[in-house]
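I have placed the structure first, in the form of structure tokens, so that the comments after it can refer back to it.
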Amino acid sequence: MALIEFQNVVKKFNGVPVLDGLTFDVRAGEVLCVVGPSGTGKSVTLKHLVRLLTPTSGRVLVDGIDVATCSGRELNRIRSRIGYLFQGGALLAWMNVADNVALPLRECTSMGDDEIDRRVAAALESVELTAAAGKYPAEISGGMQKRAGLARAIVRPTNDVVLYDEPTSGLDPVTSVTINRLIKKLNRELGITSVVVTHDLPGALAIADRILLLKEGRAIECAPPGDFLKSENRDVKEFLAAMKGEIP
């Protein structure tokens, strides 16, 4: 069953289309990895899901609700379901890790301190970061900052969708594997639906239920990893060759 649907979405900036009739869906409980060349609309796609951007035309649906045209109350309800892991982690430098993770609960819920502390501890445990609770962002590694951002993205009890914008960008291979393993772990253990924009093709092949290739703002292929690798689509073949450093 589709939880998220893009229906013929066009997004233009200064008359130039970045998304050009984009159509795909995300099934409840799956990990969908979105890959493609730089500048093809991957991050723009994510921003439409929380109405940071709205389509020039077409529809973006979450549980059948059009995000672009729904009421403020409906939009708040949709946003309460969606955690967002930004490319840089987006932690507040003057707050320790625990307080950064607690921020959505303090800002968006009426939870008491004891409940907040309990949920923060559980979220940090889920991303294997309990020991860093009292540290500040400058005192931890880039990979740990990403994990703290991930804990913040799942801390609200209503969060059942997480959007990942280049979660392994700038990380070493070992740390990248750790982040990818956590994405799959949270999907498996908490049932979180994950949309992962990434340039990390090996990581995508390891964690995805389906891989979506975008090119020039359009969906070229969306298939399970094994089928994606065997695709006869010319654009898929060229993309895979480029990832291997080959000249088609």
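None of the figures in this text is laboratory data; all of them are computed from the coordinates on show. Keep in mind that what you see is a predicted model, and the values were worked out from it rather than measured. For neighbour counting, all protein chains shown are included, and Cβ atoms are generated from backbone atoms with ideal geometry for every residue, glycine included.
The average projected area of the chain, computed from the convex hull of its Cα atoms over all directions, is 14.0 nm². Net charge of the neighbourhood of R77, taken over other residues with C-beta under 14 Å away and scored Lys/Arg +1, Asp/Glu -1, is +1. For the chain, the mean residue ellipticity at 222 nm estimated from helices alone is -12000 deg cm²/dmol, where every DSSP H run of n ≥ 4 contributes -39500 (n - 2.57) and the total is divided by all residues, rounded to the nearest 500. What lysines does K135 reach when the alpha-carbon gap must be under 16 Å and sequence neighbours fewer than 8 apart in one chain are set aside? Within the straight-line limit of under 16 Å, K135 reaches these lysines: K146. By the rule of a C-alpha distance below 18 Å, with chain neighbours fewer than 8 residues away ignored, the lysines paired with K11 are K42, K47, K215. For a modelled paramagnetic label at K237, 7 Å from Cα along Cα-to-Cβ, the residues of the range 16-59 in reach, with backbone nitrogen under 20 Å, are 36-37.
Along the Cα-to-Cβ line of E125, 7 Å from the Cα, sits a label point; which residues in the range 180-197 have backbone N less than 19 Å from it? 182-183, 185-192, by backbone N distance to the label point. Of the chymotrypsin sites (Phe, Trp or Tyr not before Pro) found in the range 66-171, those that fall in a DSSP loop while having at most 14 other beta-carbon atoms within 10 Å are W94. Restricting the trypsin sites (Lys or Arg not before Pro) of the range 168-248 to loop positions (DSSP other than H, G, I, E, B) with no more than 12 neighbouring Cβ atoms within 10 Å leaves K230, K244. Within the straight-line cut-off of under 16 Å between alpha carbons, the aspartates and glutamates reachable from K230 are D209, E221, E238, sequence neighbours fewer than 8 places apart in one chain being disregarded. Taking the centroid of alpha carbons for each part, the range 159-175 and the range 205-247 are 19 Å apart. For S141 and K185, a Förster radius of 22 Å and the Cβ-Cβ distance give a FRET efficiency of 0.70, rounded to the nearest 0.05.
Taking the chain as a Gaussian network of alpha-carbon nodes connected by springs under 10 Å, the highest mean-square fluctuation of the residues G39, G143, G217 belongs to G39.
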